[in-house]
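Student: So that we are looking at the same thing, I have put the structure below in structure tokens.
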Amino acid sequence: MSPLIHHISSDETLPKSVDVVVVGGGIVGASAAYFLARRGLSVALIEKGYVGCEQSSRNWGWCRRQNRDARELPLANLALRLWEELTEEIGLDLGFRRCGLIYATDDPKQLAEWDKWRAVARRFDVNTRMLTAEAATAAVPAAGGRKWLGGVHAADDGKAEPWLAAPRVAEGARKHGATIHQNCAARGLDITNGQVSGVVTEKGLIRTSAVLCAAGAWASAFLRMHAVSLPQASVRQTTLRTAPA
């Protein structure tokens, strides 16, 4: 069953022109719109369906540093701090909690890799510890007869609620002056003398000199119309969400 999304209202009238048009109303597009509008730029966020109703409502919601490449960790540290600040700034619950993150495995090679990663963790002040087989099993009961060899626990990692986060961040962008246009697909870019001069939407043209494409799985198809190649792989996955009995 699809998640129950926190729906938000649309602005009925398209602006004639803005500083930036953001294409795609997932968490990336909503966040970009928020920070751009907060800086004083005029922003239009356009979404072909409803804000937060596609990939951003079906991800795991993890806000993690555990097991990331060392090159990602400065940004991951900043992101965790921003999640905490956003909740206070926007004044709406994004479902963000530093609840910790646990990985468990029955693969000795993977367990060794996690143990080795702790040296990376120390360089970036990530609070992480290895779990024994008993501790991993107590935290994450194995199914199907599997027996965990151990695990790793990052106590300060967290999660946000996908069904809340993108719509409410978009609402925060609106408080700073951004306009939000749902059921308003981007059909292409208007190009003048080799430069972007607008975005053609199914509801009309918005003049702009800057476009941020945050269309997720649709990004490569949209950009391909303008001879921009974005290597992208679409993968179907299944995930389950549990709740206390």
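Student: Enumerate the pairs (first residue in the range 229-241 and at negative phi; second residue anywhere and outside any loop (DSSP other than H, G, I, E, B)) with beta-carbon separation below 7 Å, excluding pairs fewer than 6 apart on the same chain, so at least 6 apart or on different chains.
Tutor: So the pair list comes out as Leu230/Ala219; Leu230/Ser220; Leu230/Leu223; Gln232/Ala219; Gln232/Ser220; Ser234/Ala217.
Student: From Ala104, Ala135, Ala154, Ala173, which residue is within 27 Å of Ser9 (Cβ to Cβ) and either surrounded by 14 or more Cβ atoms within 10 Å (Cβ to Cβ) or touching a Phe, Trp or Tyr at 6+ places or on another chain (Cβ under 7 Å) (or both)?
Tutor: Matching residue, one of Ala104, Ala135, Ala154, Ala173: Ala173.
Student: Take Ile5 and tell me if it is out of contact with any Phe, Trp or Tyr (no Cβ under 7 Å at 6 or more places or on another chain), touching a residue at least 60 places away in the same chain (Cβ under 8 Å) and among the β-branched types (Val, Ile, Thr).
Tutor: Against the criterion (out of contact with any Phe, Trp or Tyr (no Cβ under 7 Å at 6 or more places or on another chain), touching a residue at least 60 places away in the same chain (Cβ under 8 Å) and among the β-branched types (Val, Ile, Thr)), Ile5 does not qualify.
Student: For the range 66-108, which positions are touching a residue at least 60 places away in the same chain (Cβ under 8 Å) and part of a helix (DSSP H, G or I)?
Tutor: The answer is Leu80, Trp83, Leu86, Glu89, Ile90.
Student: Here's a follow-up. Does at least one position in the range 21-40 carry a residue that is of a type in the set (Phe, Trp, Tyr), within 17 Å of Ala214 (Cβ to Cβ) and surrounded by fewer than 19 Cβ atoms within 10 Å (Cβ to Cβ)?
Tutor: yes
Student: Among (1) modelled with pLDDT of 95 or more; (2) touching a His at 6+ places or on another chain (Cβ under 9 Å), which single condition is Trp163 missing?
Tutor: All conditions pass for Trp163, except number (1).
Student: Looking at (1) over 12 Å from Cys184 (Cα atoms); (2) in contact with a helix residue (DSSP H, G or I) (Cβ under 6 Å, 6 or more places away or on another chain), which is the one condition that is false for Leu36?
Tutor: Every condition holds for Leu36 apart from (2).
Student: Moving on to the next point. Can you tell me how many residues in the range 28-56 are outside any loop (DSSP other than H, G, I, E, B) and under 20 Å from Ala221 (Cβ atoms)?
Tutor: Number satisfying all stated conditions: 7.
Student: Please go through the range 211-228 and give me each residue that is touching a residue at least 12 places away in the same chain (Cβ under 8 Å) and of a type in the set (Gly, Ala, Ser), ordered by number.
Tutor: Passing the criteria: Ala214, Ala215, Gly216, Ala217, Ala219, Ser220.
Student: Among the numbered criteria (1) crowded, with 16+ Cβ neighbours inside 10 Å; (2) more than 30 Å from Ser17 (Cβ to Cβ), which single criterion is violated by Val235?
Tutor: (1)
Student: Same structure again: Looking at (1) in a strand (DSSP E or B); (2) touching a Phe, Trp or Tyr at 6+ places or on another chain (Cβ under 7 Å), find the lone condition where Val199 falls short.
Tutor: It is condition (2) that Val199 fails.
Student: Could you list, in sequence order, all residues of the range 144-179 that are aliphatic (A, V, I, L, M), touching a residue at least 60 places away in the same chain (Cβ under 8 Å) and under 30 Å from Gln110 (Cα atoms)?
Tutor: Across the range 144-179, the qualifying residues are Val152, Ala154, Ala160.
Student: Among the residues of the range 45-64, write down those that are buried (at least 24 other Cβ atoms within 10 Å of the Cβ) and out of contact with any Cys (no Cβ under 9 Å at 6 or more places or on another chain).
Tutor: Those that are buried (at least 24 other Cβ atoms within 10 Å of the Cβ) and out of contact with any Cys (no Cβ under 9 Å at 6 or more places or on another chain): Leu45, Val51, Gly52, Ser56, Ser57.
The values are calculated or read from the model by the stated rules, or taken from the named source; none is laboratory data. Only a predicted model underlies this, so the values are computations on that prediction, with no experimental measurement involved. Every residue, glycine among them, receives a Cβ derived from its backbone with ideal geometry; neighbour counts consider all protein chains shown.
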